[in-house]
Amino acid sequence: MKYDFDNYIERRGSGAVKCDGLEQWYGKEELLPMWVADMDFATPDFIIDAIRQRLEHPIFGYTLEPERYRAAIAGWILSHHNWQIESHWVSYIPGIVKGIAMAMVSLLRAGDKVIIQPPVYHPFRHVAAHNGFEVVENPLRRTASGSYEMDFENLEQVADSHCKMLILANPHNPVGIMWSRETLARLADFCHEHGIIVISDEIHCDMALWGKQHTPFASVSREAADCSITFGAPSKTFNIAGIVTSYAIVPNESLRDRFFGWMDGNELNQPDIFAPIATIAAFESGELWRREMISYVEDNIDFVIEFCREHIPQITPIRPEASFLVWLDCRALNLSHEELVDLFVNEAGLALNDGAMFGRQGEGFMRLNVGTTRAVLHRALRQLQAALARRL
(Lines give C-alpha, C1' and ligand atoms only; values in the text may rest on other atoms or scores of the structure.)
Protein backbone atom coordinates (compact mmCIF):
# COMPACT_ATOMS: atom_id res chain seq x y z
CA MET A 1 0.00 0.00 0.00
CA LYS A 2 1.18 3.50 -0.79
CA TYR A 3 -0.46 5.10 2.25
CA ASP A 4 0.22 4.29 5.91
CA PHE A 5 -3.00 4.09 7.91
CA ASP A 6 -1.22 2.64 10.94
CA ASN A 7 0.50 5.97 11.57
CA TYR A 8 -0.90 7.39 14.81
CA ILE A 9 -1.40 11.18 14.81
CA GLU A 10 -2.04 12.96 18.10
CA ARG A 11 -5.11 15.18 17.65
CA ARG A 12 -5.45 16.57 21.16
CA GLY A 13 -4.79 20.27 21.24
CA SER A 14 -5.67 20.72 17.57
CA GLY A 15 -9.21 21.89 18.29
CA ALA A 16 -10.67 18.57 17.10
CA VAL A 17 -14.17 18.08 18.49
CA LYS A 18 -13.45 14.37 18.73
CA CYS A 19 -10.68 14.91 21.32
CA ASP A 20 -10.89 18.43 22.66
CA GLY A 21 -14.68 18.22 23.09
CA LEU A 22 -14.58 15.23 25.46
CA GLU A 23 -14.83 17.29 28.64
CA GLN A 24 -17.81 19.20 27.28
CA TRP A 25 -19.71 16.14 26.04
CA TYR A 26 -18.67 13.39 28.46
CA GLY A 27 -17.47 15.25 31.53
CA LYS A 28 -13.94 13.84 31.35
CA GLU A 29 -10.98 14.29 29.04
CA GLU A 30 -9.15 10.98 29.41
CA LEU A 31 -11.29 8.84 27.16
CA LEU A 32 -10.44 7.07 23.93
CA PRO A 33 -12.46 9.04 21.36
CA MET A 34 -14.41 6.67 19.11
CA TRP A 35 -17.42 8.88 18.47
CA VAL A 36 -17.43 11.92 16.12
CA ALA A 37 -17.67 10.73 12.50
CA ASP A 38 -14.31 11.81 11.18
CA MET A 39 -11.27 9.58 10.86
CA ASP A 40 -7.87 9.67 12.53
CA PHE A 41 -6.02 9.24 9.22
CA ALA A 42 -3.96 12.08 7.80
CA THR A 43 -5.71 14.13 5.15
CA PRO A 44 -4.34 12.87 1.80
CA ASP A 45 -1.20 14.54 0.49
CA PHE A 46 -2.76 15.58 -2.83
CA ILE A 47 -5.37 17.68 -1.00
CA ILE A 48 -2.78 19.27 1.29
CA ASP A 49 -0.54 19.97 -1.71
CA ALA A 50 -3.39 21.64 -3.63
CA ILE A 51 -4.18 23.91 -0.68
CA ARG A 52 -0.50 24.62 -0.10
CA GLN A 53 -0.11 25.66 -3.72
CA ARG A 54 -2.92 28.21 -3.31
CA LEU A 55 -1.36 29.45 -0.08
CA GLU A 56 1.71 30.48 -2.05
CA HIS A 57 -0.33 33.37 -3.45
CA PRO A 58 -0.44 35.98 -0.68
CA ILE A 59 -3.91 37.41 -1.34
CA PHE A 60 -7.10 35.63 -0.28
CA GLY A 61 -9.73 37.93 -1.70
CA TYR A 62 -13.11 37.27 -3.31
CA THR A 63 -12.65 34.28 -5.58
CA LEU A 64 -14.50 32.85 -8.55
CA GLU A 65 -15.69 29.25 -8.55
CA PRO A 66 -12.95 27.25 -10.31
CA GLU A 67 -13.82 26.12 -13.80
CA ARG A 68 -13.13 22.45 -12.95
CA TYR A 69 -15.26 22.41 -9.79
CA ARG A 70 -18.61 21.15 -11.12
CA ALA A 71 -16.95 18.98 -13.75
CA ALA A 72 -14.96 17.22 -11.02
CA ILE A 73 -18.14 16.48 -9.06
CA ALA A 74 -20.05 15.30 -12.13
CA GLY A 75 -17.16 13.16 -13.34
CA TRP A 76 -16.73 11.45 -9.99
CA ILE A 77 -20.45 10.70 -9.63
CA LEU A 78 -20.65 9.28 -13.14
CA SER A 79 -17.57 7.09 -12.79
CA HIS A 80 -18.38 5.84 -9.29
CA HIS A 81 -22.19 5.79 -9.17
CA ASN A 82 -23.26 5.61 -12.82
CA TRP A 83 -25.39 8.75 -12.52
CA GLN A 84 -24.98 11.41 -15.18
CA ILE A 85 -25.75 14.87 -13.84
CA GLU A 86 -25.74 18.28 -15.48
CA SER A 87 -23.49 21.04 -14.15
CA HIS A 88 -26.39 23.43 -13.58
CA TRP A 89 -27.99 20.90 -11.24
CA VAL A 90 -25.11 21.47 -8.79
CA SER A 91 -24.64 24.11 -6.12
CA TYR A 92 -22.25 24.49 -3.22
CA ILE A 93 -23.92 24.38 0.20
CA PRO A 94 -22.28 25.32 3.53
CA GLY A 95 -22.73 21.90 5.14
CA ILE A 96 -25.27 19.10 4.78
CA VAL A 97 -27.16 19.72 8.02
CA LYS A 98 -27.27 23.40 7.13
CA GLY A 99 -28.43 22.38 3.67
CA ILE A 100 -31.29 20.38 5.17
CA ALA A 101 -32.29 23.39 7.25
CA MET A 102 -32.14 25.67 4.21
CA ALA A 103 -34.27 23.27 2.19
CA MET A 104 -36.87 23.23 4.95
CA VAL A 105 -36.96 26.99 5.34
CA SER A 106 -37.12 27.64 1.60
CA LEU A 107 -39.50 24.86 0.53
CA LEU A 108 -41.85 24.15 3.44
CA ARG A 109 -44.64 26.16 5.03
CA ALA A 110 -45.97 26.45 8.57
CA GLY A 111 -47.86 23.32 9.51
CA ASP A 112 -45.87 21.01 7.23
CA LYS A 113 -44.39 17.81 8.67
CA VAL A 114 -41.07 16.05 8.12
CA ILE A 115 -40.62 12.26 8.06
CA ILE A 116 -37.51 10.55 9.43
CA GLN A 117 -36.69 6.83 9.72
CA PRO A 118 -35.02 6.12 13.07
CA PRO A 119 -32.66 4.98 14.32
CA VAL A 120 -31.11 7.69 12.20
CA TYR A 121 -28.57 10.52 12.26
CA HIS A 122 -29.85 12.72 15.08
CA PRO A 123 -29.61 16.17 13.40
CA PHE A 124 -32.41 15.10 11.05
CA ARG A 125 -34.79 15.32 13.98
CA HIS A 126 -33.22 18.34 15.61
CA VAL A 127 -33.09 20.57 12.54
CA ALA A 128 -36.75 19.89 11.73
CA ALA A 129 -37.95 20.46 15.30
CA HIS A 130 -35.89 23.60 15.84
CA ASN A 131 -37.25 25.09 12.63
CA GLY A 132 -40.81 24.56 13.84
CA PHE A 133 -41.78 21.46 11.83
CA GLU A 134 -43.45 18.44 13.38
CA VAL A 135 -41.35 15.28 13.08
CA VAL A 136 -43.14 12.12 11.98
CA GLU A 137 -41.35 8.81 12.62
CA ASN A 138 -41.36 5.85 10.29
CA PRO A 139 -38.97 3.56 12.19
CA LEU A 140 -36.86 1.06 10.33
CA ARG A 141 -37.97 -2.53 10.82
CA ARG A 142 -35.60 -5.22 12.08
CA THR A 143 -35.17 -8.21 9.82
CA ALA A 144 -34.68 -11.85 10.78
CA SER A 145 -30.96 -11.47 10.00
CA GLY A 146 -30.61 -8.63 12.50
CA SER A 147 -30.36 -5.92 9.84
CA TYR A 148 -32.99 -3.31 8.99
CA GLU A 149 -35.45 -2.50 6.22
CA MET A 150 -37.87 0.31 5.43
CA ASP A 151 -41.39 -0.19 6.74
CA PHE A 152 -43.58 0.85 3.82
CA GLU A 153 -46.76 -0.39 5.45
CA ASN A 154 -46.20 1.91 8.41
CA LEU A 155 -45.21 4.75 6.08
CA GLU A 156 -48.65 4.52 4.50
CA GLN A 157 -50.19 4.93 7.95
CA VAL A 158 -48.11 7.82 9.29
CA ALA A 159 -47.78 9.98 6.16
CA ASP A 160 -50.77 12.29 6.20
CA SER A 161 -51.47 15.21 3.86
CA HIS A 162 -49.27 17.55 5.96
CA CYS A 163 -46.12 15.45 5.41
CA LYS A 164 -44.15 17.38 2.79
CA MET A 165 -40.56 16.23 3.29
CA LEU A 166 -38.73 12.97 4.04
CA ILE A 167 -35.06 12.94 5.02
CA LEU A 168 -33.28 9.86 3.73
CA ALA A 169 -29.89 8.61 4.90
CA ASN A 170 -28.45 6.85 1.83
CA PRO A 171 -26.30 4.97 2.92
CA HIS A 172 -27.97 4.81 6.30
CA ASN A 173 -26.32 6.25 9.39
CA PRO A 174 -25.91 4.63 11.95
CA VAL A 175 -26.80 1.11 10.77
CA GLY A 176 -24.69 1.18 7.60
CA ILE A 177 -27.23 -0.09 5.05
CA MET A 178 -26.78 0.48 1.33
CA TRP A 179 -30.39 0.80 0.16
CA SER A 180 -31.24 -1.30 -2.87
CA ARG A 181 -32.49 0.19 -6.14
CA GLU A 182 -35.82 -1.57 -5.57
CA THR A 183 -36.26 -0.04 -2.11
CA LEU A 184 -35.35 3.43 -3.35
CA ALA A 185 -37.68 3.16 -6.36
CA ARG A 186 -40.55 2.12 -4.10
CA LEU A 187 -39.86 5.06 -1.81
CA ALA A 188 -39.68 7.40 -4.81
CA ASP A 189 -43.05 6.21 -6.11
CA PHE A 190 -44.63 6.77 -2.71
CA CYS A 191 -43.15 10.23 -2.16
CA HIS A 192 -43.84 11.42 -5.70
CA GLU A 193 -47.46 10.30 -5.45
CA HIS A 194 -47.93 12.02 -2.08
CA GLY A 195 -46.14 15.27 -2.94
CA ILE A 196 -43.26 14.64 -0.53
CA ILE A 197 -39.81 16.11 -1.21
CA VAL A 198 -37.00 13.65 -0.46
CA ILE A 199 -33.76 15.05 0.94
CA SER A 200 -31.20 12.32 0.29
CA ASP A 201 -28.10 12.65 2.47
CA GLU A 202 -25.46 10.68 0.55
CA ILE A 203 -22.35 11.89 2.34
CA HIS A 204 -21.16 8.30 3.05
CA CYS A 205 -21.81 7.07 -0.51
CA ASP A 206 -18.15 6.90 -1.59
CA MET A 207 -17.31 4.49 1.23
CA ALA A 208 -19.18 1.41 0.01
CA LEU A 209 -17.53 -1.69 1.49
CA TRP A 210 -16.72 -5.16 0.15
CA GLY A 211 -17.59 -4.30 -3.42
CA LYS A 212 -21.07 -2.95 -2.69
CA GLN A 213 -22.45 -0.41 -5.13
CA HIS A 214 -24.12 2.80 -3.99
CA THR A 215 -27.30 3.82 -5.79
CA PRO A 216 -28.07 7.56 -5.80
CA PHE A 217 -31.73 8.07 -4.92
CA ALA A 218 -32.41 10.48 -7.78
CA SER A 219 -31.00 8.02 -10.32
CA VAL A 220 -33.54 5.22 -9.81
CA SER A 221 -36.47 6.73 -11.74
CA ARG A 222 -37.98 9.85 -13.24
CA GLU A 223 -40.18 10.13 -10.15
CA ALA A 224 -37.14 10.06 -7.87
CA ALA A 225 -35.38 12.78 -9.86
CA ASP A 226 -38.51 14.94 -9.86
CA CYS A 227 -39.09 14.89 -6.11
CA SER A 228 -35.60 14.98 -4.62
CA ILE A 229 -32.57 16.97 -3.57
CA THR A 230 -29.32 15.05 -3.16
CA PHE A 231 -26.62 16.22 -0.75
CA GLY A 232 -23.04 14.96 -0.96
CA ALA A 233 -19.46 15.86 -0.10
CA PRO A 234 -15.94 14.44 -0.24
CA SER A 235 -15.52 15.26 3.45
CA LYS A 236 -16.17 11.84 5.02
CA THR A 237 -14.26 9.85 2.43
CA PHE A 238 -11.16 12.04 2.37
CA ASN A 239 -11.28 13.16 6.03
CA ILE A 240 -11.69 16.89 5.40
CA ALA A 241 -14.77 17.66 7.50
CA GLY A 242 -13.14 20.86 8.73
CA ILE A 243 -13.15 22.14 5.15
CA VAL A 244 -16.83 22.49 4.31
CA THR A 245 -17.08 20.86 0.87
CA SER A 246 -20.77 19.96 0.62
CA TYR A 247 -22.88 20.29 -2.50
CA ALA A 248 -26.51 19.88 -3.58
CA ILE A 249 -27.80 18.25 -6.77
CA VAL A 250 -31.34 19.08 -7.92
CA PRO A 251 -32.50 17.63 -11.27
CA ASN A 252 -36.05 19.04 -11.16
CA GLU A 253 -36.14 22.57 -12.60
CA SER A 254 -38.99 23.89 -10.47
CA LEU A 255 -37.53 22.54 -7.24
CA ARG A 256 -34.08 23.76 -8.25
CA ASP A 257 -35.30 27.29 -9.00
CA ARG A 258 -36.98 27.55 -5.61
CA PHE A 259 -34.09 26.12 -3.59
CA PHE A 260 -31.15 27.58 -5.49
CA GLY A 261 -32.94 30.90 -5.87
CA TRP A 262 -33.40 31.16 -2.11
CA MET A 263 -29.75 30.27 -1.48
CA ASP A 264 -28.55 32.73 -4.08
CA GLY A 265 -30.68 35.51 -2.61
CA ASN A 266 -29.14 34.87 0.81
CA GLU A 267 -25.59 34.34 -0.52
CA LEU A 268 -25.46 30.84 0.96
CA ASN A 269 -24.21 29.18 -2.21
CA GLN A 270 -20.75 30.75 -2.24
CA PRO A 271 -17.87 28.54 -1.04
CA ASP A 272 -14.84 29.77 0.80
CA ILE A 273 -11.59 29.87 -1.13
CA PHE A 274 -10.41 26.36 -0.14
CA ALA A 275 -13.55 24.19 -0.45
CA PRO A 276 -13.51 23.91 -4.28
CA ILE A 277 -9.75 23.35 -4.29
CA ALA A 278 -10.09 20.45 -1.85
CA THR A 279 -13.07 19.03 -3.75
CA ILE A 280 -11.26 19.08 -7.10
CA ALA A 281 -8.13 17.49 -5.61
CA ALA A 282 -10.16 14.75 -3.93
CA PHE A 283 -12.23 13.84 -6.97
CA GLU A 284 -9.45 14.15 -9.54
CA SER A 285 -6.62 12.49 -7.58
CA GLY A 286 -8.18 10.49 -4.78
CA GLU A 287 -9.10 7.07 -6.11
CA LEU A 288 -6.01 5.17 -4.93
CA TRP A 289 -6.20 6.71 -1.46
CA ARG A 290 -9.93 5.93 -1.26
CA ARG A 291 -9.41 2.29 -2.17
CA GLU A 292 -6.57 1.78 0.28
CA MET A 293 -8.49 3.55 3.07
CA ILE A 294 -11.55 1.37 2.45
CA SER A 295 -9.42 -1.77 2.55
CA TYR A 296 -8.00 -0.71 5.92
CA VAL A 297 -11.46 0.11 7.28
CA GLU A 298 -12.79 -3.25 6.10
CA ASP A 299 -10.02 -5.00 8.01
CA ASN A 300 -10.85 -2.90 11.08
CA ILE A 301 -14.49 -3.95 10.88
CA ASP A 302 -13.52 -7.61 10.55
CA PHE A 303 -11.22 -7.16 13.54
CA VAL A 304 -14.08 -5.76 15.67
CA ILE A 305 -16.47 -8.53 14.68
CA GLU A 306 -13.92 -11.27 15.40
CA PHE A 307 -12.79 -9.72 18.69
CA CYS A 308 -16.36 -9.46 19.94
CA ARG A 309 -17.15 -13.00 18.82
CA GLU A 310 -14.15 -14.34 20.71
CA HIS A 311 -13.93 -12.09 23.76
CA ILE A 312 -17.19 -10.13 24.15
CA PRO A 313 -19.95 -12.38 22.78
CA GLN A 314 -22.61 -10.33 24.56
CA ILE A 315 -21.98 -7.53 22.01
CA THR A 316 -22.90 -8.15 18.37
CA PRO A 317 -21.49 -5.73 15.78
CA ILE A 318 -23.75 -5.32 12.75
CA ARG A 319 -21.51 -5.47 9.71
CA PRO A 320 -21.97 -2.17 7.81
CA GLU A 321 -22.19 -2.06 4.04
CA ALA A 322 -20.73 1.45 3.94
CA SER A 323 -18.65 3.89 5.99
CA PHE A 324 -16.45 3.53 9.06
CA LEU A 325 -19.26 3.42 11.63
CA VAL A 326 -20.25 0.15 13.30
CA TRP A 327 -23.60 -0.30 15.05
CA LEU A 328 -23.06 -2.42 18.18
CA ASP A 329 -25.99 -4.45 19.51
CA CYS A 330 -25.38 -4.53 23.27
CA ARG A 331 -28.81 -5.68 24.40
CA ALA A 332 -27.58 -9.10 25.51
CA LEU A 333 -25.74 -7.35 28.35
CA ASN A 334 -29.17 -6.78 29.91
CA LEU A 335 -28.29 -3.26 31.02
CA SER A 336 -30.48 -0.21 31.01
CA HIS A 337 -29.36 2.35 28.51
CA GLU A 338 -27.99 4.54 31.29
CA GLU A 339 -26.03 1.58 32.65
CA LEU A 340 -24.75 0.81 29.18
CA VAL A 341 -23.43 4.34 28.72
CA ASP A 342 -21.85 4.21 32.16
CA LEU A 343 -20.11 0.96 31.25
CA PHE A 344 -18.54 2.41 28.11
CA VAL A 345 -17.65 5.85 29.48
CA ASN A 346 -16.86 5.45 33.17
CA GLU A 347 -15.73 1.82 33.33
CA ALA A 348 -14.14 1.22 29.93
CA GLY A 349 -12.91 4.79 29.37
CA LEU A 350 -14.41 5.00 25.87
CA ALA A 351 -16.34 7.76 24.15
CA LEU A 352 -18.88 6.31 21.71
CA ASN A 353 -22.18 7.70 20.45
CA ASP A 354 -24.95 6.08 22.48
CA GLY A 355 -27.72 4.57 20.41
CA ALA A 356 -30.55 6.52 22.02
CA MET A 357 -29.11 9.63 20.38
CA PHE A 358 -30.46 8.25 17.09
CA GLY A 359 -33.97 7.68 18.47
CA ARG A 360 -35.54 5.46 21.11
CA GLN A 361 -35.13 2.57 18.66
CA GLY A 362 -31.40 2.83 19.35
CA GLU A 363 -31.60 2.08 23.05
CA GLY A 364 -29.29 -0.79 23.88
CA PHE A 365 -26.98 0.04 20.97
CA MET A 366 -23.74 2.01 20.63
CA ARG A 367 -22.10 3.49 17.52
CA LEU A 368 -18.38 2.79 17.18
CA ASN A 369 -16.09 4.76 14.85
CA VAL A 370 -13.44 2.41 13.46
CA GLY A 371 -11.76 5.05 11.30
CA THR A 372 -8.61 4.90 13.39
CA THR A 373 -5.40 2.92 13.65
CA ARG A 374 -5.60 -0.79 14.41
CA ALA A 375 -3.61 -0.25 17.58
CA VAL A 376 -6.09 2.30 18.95
CA LEU A 377 -9.01 0.07 18.00
CA HIS A 378 -7.39 -2.92 19.71
CA ARG A 379 -6.76 -0.88 22.84
CA ALA A 380 -10.41 0.26 22.91
CA LEU A 381 -11.73 -3.27 22.65
CA ARG A 382 -9.35 -4.53 25.33
CA GLN A 383 -10.54 -1.78 27.67
CA LEU A 384 -14.15 -2.78 27.01
CA GLN A 385 -13.33 -6.45 27.58
CA ALA A 386 -11.62 -5.64 30.88
CA ALA A 387 -14.53 -3.48 32.03
CA LEU A 388 -16.97 -6.31 31.37
CA ALA A 389 -14.70 -8.83 33.11
CA ARG A 390 -14.73 -6.68 36.25
CA ARG A 391 -18.52 -6.93 36.31
CA LEU A 392 -18.47 -10.75 36.40
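The values are calculated or read from the model by the stated rules, or taken from the named source; none is laboratory data. Because the structure is predicted, anything quoted here is derived from the model rather than measured. Here Cβ is always computed from backbone atoms with ideal geometry, including for glycine, and neighbour counts include all displayed protein chains.
Could you figure out which of (1) buried (at least 16 other Cβ atoms within 10 Å of the Cβ); (2) outside any loop (DSSP other than H, G, I, E, B); (3) in the same structural domain as residue 263 (by TED's automatic domain parsing) isn't true of residue 71?
The one condition residue 71 does not meet is (1).
Say whether the condition of being closer than 18 Å to residue 148 by Cβ and either at pLDDT 95 or above or not assigned by TED's automatic domain parsing to the domain that holds residue 139 (or both) is met by at least one residue in segment 341-348. Spell out the reasoning first.
As a first pass, look at segment 341-348 and keep what is closer than 18 Å to residue 148 by Cβ: none.
So far as segment 341-348 goes, no, none of its residues is closer than 18 Å to residue 148 by Cβ and either at pLDDT 95 or above or not assigned by TED's automatic domain parsing to the domain that holds residue 139 (or both).
Return the only residue of 127, 175 being surrounded by 14 or more Cβ atoms within 10 Å (Cβ to Cβ) and part of a loop (DSSP other than H, G, I, E, B).
Values: 127 fails: part of a loop (DSSP other than H, G, I, E, B).
The match here is 175.
In this structure, does residue 114 turn out to be out of contact with any Leu (no Cβ under 8 Å at 6 or more places or on another chain) and either free of Cβ contacts under 8 Å to residues at least 40 places away in the same chain or more than 28 Å from residue 287 (Cβ to Cβ) (or both)?
Working: out of contact with any Leu (no Cβ under 8 Å at 6 or more places or on another chain): no; either free of Cβ contacts under 8 Å to residues at least 40 places away in the same chain or more than 28 Å from residue 287 (Cβ to Cβ) (or both): yes.
So residue 114 fails the test.
List pairs: first in segment 34-48 and of a type in the set (Ser, Thr, Tyr), second not in a loop (DSSP other than H, G, I, E, B), Cβ under 6 Å, 6+ apart or cross-chain?
No pair meets every condition.
Looking at segment 265-380, what helices (runs of 4 or more DSSP H) fall wholly within it and have at least 1 residues that are buried (at least 23 other Cβ atoms within 10 Å of the Cβ) and in contact (Cβ under 8 Å) with a residue 60 or more places away in the chain? Outline the logic, then answer.
Details: elements: 275-285, 287-311, 337-342.
Hits in segment 265-380: 275-285, 287-311.
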